[in-house]
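The values are calculated or read from the model by the stated rules, or taken from the named source; none is laboratory data. Note that this is a predicted model, so its numbers are computed, not measured. FYI the Cβ positions are ideal-geometry reconstructions off the backbone, even for glycines, and counts take in every protein chain you see.
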Amino acid sequence: MDNITELSSKIKLDQVPTRLYRPESELELASLTRCEKIYTKIVETPSEGAADVAADIARQITRNVREKGRCVIGLGAGRAALDVYDELVKLYFADKVTFANVVAFNMSELGLGNVREDSQSTISRLYERLFRKVDIDPNNIHTFDPSATKENVHKLCKIYETTIDEYGGLDVVICQLTKTGGLAFNDPGSSSSSSCRLVLLSNETRQRIAESYQCEIAPDTAVTLGMSNLLSARKFYAVAWGEESIDAVYNCIEGKISDLYPASFLQMHRDVKLTIDLEAATRLTRINFPWKVTSCNWTPQLVRRAIVWLSQHTGKPVLKLTNKDYNDNGLSELVTVFGSAYDVNIKIFNDLQHTITGWPGGKPNADDSSRPERALPYPKRVLVFSPHPDDAVVSMGGTLRRLVQQGHDVHVVFQTSGDITVADEDLERTLMLNSMLSDHYGYPQERRRVVAQSIIDGIKAKKPGDPDNAEMRFMKGRILTCESIMGCMYMGVRRDHIHELALPFYESNPYGRGKVTDADVLLIKKIIENVKPHQIFFADDLSDPYGTHMRATNALLLAIDELKEADFMQECRMWMYRGQWGTWDIDHIEMAVPMSPEEFTYKVNGVLKHQSQIHDAPFRDPGDGQLSWQKTIDRNKDTADLYASLGLATYEAMEAFVQYHPER
C-alpha cells in the first residue's frame, strides 16, 4: 500500500485511450502534439512521472560529471519536485547516481532571515528530502543568505547570481509548475528578464504556501531566482500533477507566451521537458479534443464529448446542429459514421436525457432499461462515504435527501474528523460557550479548566507551520462532526445511521503524509460487511489541499477490491461524486439528480449547518476568496445550466455522478 494513488488513478486511465499519451511512433507523436509548444511527457501516475524525471536527472548528472567534472543543479521545493527527490534518493541507494560532484542551488526561499531549521524554509525541505540522504558535499549546497534584510537583499541577490555564474551557470533545473502558471516564486506578472530578487507574494501563492507548509499564516515575501536565471539553465525539467494544475499546464504548453503564465516562457527554451500526469493533462488538445489532431475510435463517451463541444462552440442546442456545423468544425467523420447530423443529435440527446433521474436509488415498479439505476431491489441499503464529515451534505446533499425520502435505508460514514479544516476562532468560541455553561450550571470545574487551559495555551503558542496539539485536534474534530451530524439529520438521515471511522492515516497525520494501511482498510471493510449495501457513494474529487480525499478514497477502493467477490457485492453499484474540489465533465456523467428551487434551497440550508466552514474556514479559493462549499453550490447550478444550454430540461441545480466498476 505504499503507492496510495494507484487505485484512484485507474479511474482516469479507464477514460483516456493509451495511444493519446503513449503513442507507438514518433510520427504519431508529432501528429498528436501539433498544438503543443513544449516537449511534454504524459504519464499515468505521479509516481511514474517522478521516477521518469529522476532517471533523466541521474543520467544528466553522470554525463555532466564525466564531461566537465561536476553538475550544477537548481532545485525547487514544490511538492511535485519533492516526489522527484524521493526517487533520486532511491537511485542513489541503488548505486545508479552519486552526488559527490553535484553543486546545488536553492531556487527560492520564504521570507527573510530563514534558517535551515525553520519549519517554513525551503532549504530545510531540501535537506530533509534529499541532501541528508545522499553523498553531496555540504560545501556544495548553496542557499540565500539568512542574514538578508529588506535593506541589503538586492545586493545579496546579486552575489547569489554571481556565485552561480562562477560555477559556470546552471546545468540542470528541476522545478514544479505552480497552479497559477509560475515557476519558483515567479508569480503571474513576472517578466522573462526578471532576475534574482525579493518578491511580494500574492494571496493565492500565500494560500498555496499555507497549505503546503501546514500553517494558517504564510510569509508575505520570498526571495527567488528570476525567470532569466531559470531560462539560462542548459536543461530544464518541470513537473505538475493533479487537477489543480490543469489550467496552468494548458496555458503553459498550448497558450500564448505571456507574463500572466510565466512558465509559458519555457516555450523559448532550447531544452525543456515538462512531465505531467493524466489529471494535469486533461485540457490538452490531444486528451480533451483528440479529433482535432488524430483519427478517433469513437466511443460513446468521446462522441458525447464532441457533440457537447460542438453545441457550445456553435451556441446551438444539440438538436439544432446541422451537417454543415459538423463539416465546418472537423467532425464530418461522425456524420459518416452515423449517417446524418440528425441521427447523431438524436442519439446524444437521448443519452444525455437518460442520465437525468429524480430517483437516484432507482424507481420501483418502473422500466429501468434506460435509467441510470435499477428499480430492484427496493428499498436499497445505501452507504455514503464522506472523507471529511461535511462532504456528503455539501457535495450530494440533494441526492442524500432524495434517497431518504424515497424510502431507502441510508447510512453516512465520516471517514475522518476533518479537524484541520476548523479555524482556531471556532475553537475559542466553543471553549467560551463551554465555560459559560459550566459556570452557570455549576459543572465540575477542575478537569475542564485543565483541558481548556491546555487548548488556550496551545493556540497562543502556535507559530506558522505548527500543528495543533492533541486536545485542540480532538475538540476541532468534535465541532465539525457535530455540525455534520446535524446536517445529515436535517437531510433525513437517522442519527444511528451516521458512523464515524476516524481512519488511522488521518489521525496519525492529517496533512497528507499519513499512509493508508491495513488498519484503514479493515475499518471500512467492517462497515461494508455489516451494512451489505446495494449502493455505495464515495468522493472522487481528489485535489483537496492535504490529500485527505485521495487517501480516504484509496482506502475505500482497497476495501472494495478485497470484498468485490462477496455475493452481496455482486449486486452493489458504486457511484462517485464530486463537489468540494472538482466537477465531472458532462461526457462522463452517468447520473444527474436535478433539484427544484425549493429543493436546492433546502440543500443550501443543510450546508449552512456546518457553521465552522461557512465564514472563516482556513481554506479558500485563492482566486476569488470563495470557500469550497460555495464552489460546490456554483458547480451544482453550472451543471444544470449546461444541460439546459444543450436543449434539455431546465432545473435550478444538479448533482452529478459517475459509476465505478472495480476490476474483476
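Observations
- Any hit, region 293-304, residues being among the hydroxyl-bearing types (S, T, Y), in contact with a helix residue (DSSP H, G or I) (Cβ under 7 Å, 6 or more places away or on another chain) and modelled with pLDDT of 95 or more: no
- K150 falls short on exactly one of the conditions (1) without any contact (Cβ under 8 Å) to a residue 24 or more places away in the chain; (2) assigned to a loop (DSSP other than H, G, I, E, B), and that condition is (1).
- Subset of region 489-505 [modelled with pLDDT under 95 and touching a Phe, Trp or Tyr at 6+ places or on another chain (Cβ under 9 Å)]: A502
Listed here are the residues, each with its yes/no results for (1) farther than 30 Å from R234 by Cβ; (2) aliphatic (A, V, I, L, M); (3) surrounded by fewer than 17 Cβ atoms within 10 Å (Cβ to Cβ); (4) not assigned by TED's automatic domain parsing to the domain that holds Y237.
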residue: L266; (1), (2), (3), (4): no, yes, no, no
residue: K273; (1), (2), (3), (4): no, no, no, no
residue: W291; (1), (2), (3), (4): yes, no, no, yes
residue: A341; (1), (2), (3), (4): yes, yes, no, yes
residue: I346; (1), (2), (3), (4): yes, yes, yes, yes
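- Checking each residue in region 258-292 for being in contact with a helix residue (DSSP H, G or I) (Cβ under 6 Å, 6 or more places away or on another chain), assigned to a strand (DSSP E or B) and not charged (D, E, K, R) picks out S258, Y261, V272, T275, I276.
- Residue check for A51: under 23 Å from V223 (Cα atoms) and of a type in the set (A, V, I, L, M, F, W, C): no
- Flag for V239 being in contact with a helix residue (DSSP H, G or I) (Cβ under 8 Å, 6 or more places away or on another chain) and either farther than 22 Å from A51 by Cα or surrounded by 19 or more Cβ atoms within 10 Å (Cβ to Cβ) (or both): yes
- Whichever residue in region 501-540 is β-branched (V, I, T) and part of a helix (DSSP H, G or I) and, among such residues, is surrounded by the fewest Cβ atoms within 10 Å (Cβ to Cβ): I527
- Qualifying residue in region 287-304 (condition: farther than 27 Å from T583 by Cα, without any contact (Cβ under 8 Å) to a residue 60 or more places away in the chain and touching an Asp or Glu at 6+ places or on another chain (Cβ under 9 Å)): yes
- Just one of (1) modelled with pLDDT of 95 or more; (2) within 26 Å of R402 (Cβ to Cβ) fails for L319. It is (2).
- The condition of being assigned by TED's automatic domain parsing to the domain that holds T275, assigned to a loop (DSSP other than H, G, I, E, B) and either modelled with pLDDT under 90 or crowded, with 24+ Cβ neighbours inside 10 Å (or both) holds for only one of G181, G255, that being G181.
- Residue match in region 409-419 (condition: of a type outside the set (K, R) and on the phi > 0 side of the Ramachandran plot): yes
- Scanning region 356-411 for residues that are assigned to a strand (DSSP E or B) and within 19 Å of I528 (Cβ to Cβ) yields a total of 9.
- Complete set of residues in region 39-83 that are touching a strand residue (DSSP E or B) at 6+ places or on another chain (Cβ under 8 Å) and assigned to a loop (DSSP other than H, G, I, E, B): Y39, E44, T45, R70, G76, A77, G78
- Within region 102-115, if we keep just the residues that are assigned to a loop (DSSP other than H, G, I, E, B) and surrounded by 15 or more Cβ atoms within 10 Å (Cβ to Cβ), the residue that is modelled with the highest pLDDT turns out to be M107.
- Qualifying residue in region 190-206 (condition: part of a loop (DSSP other than H, G, I, E, B), assigned by TED's automatic domain parsing to the domain that holds E128, surrounded by fewer than 19 Cβ atoms within 10 Å (Cβ to Cβ) and out of contact with any helix residue (DSSP H, G or I) (no Cβ under 9 Å at 6 or more places or on another chain)): yes
- Exactly one residue out of M550, M576 is within 15 Å of D391 (Cα to Cα), aliphatic (A, V, I, L, M), assigned to a strand (DSSP E or B) and under 17 Å from the mean Cα position of the chain (by Cα): that is M576.
- Extreme residue, modelled with the lowest pLDDT, among residues of region 609-651 that are more than 17 Å from T583 (Cα to Cα) and of a type in the set (D, E): D624
- Given (1) crowded, with 20+ Cβ neighbours inside 10 Å; (2) over 23 Å from E36 (Cβ atoms), index of the condition L284 fails: (2)
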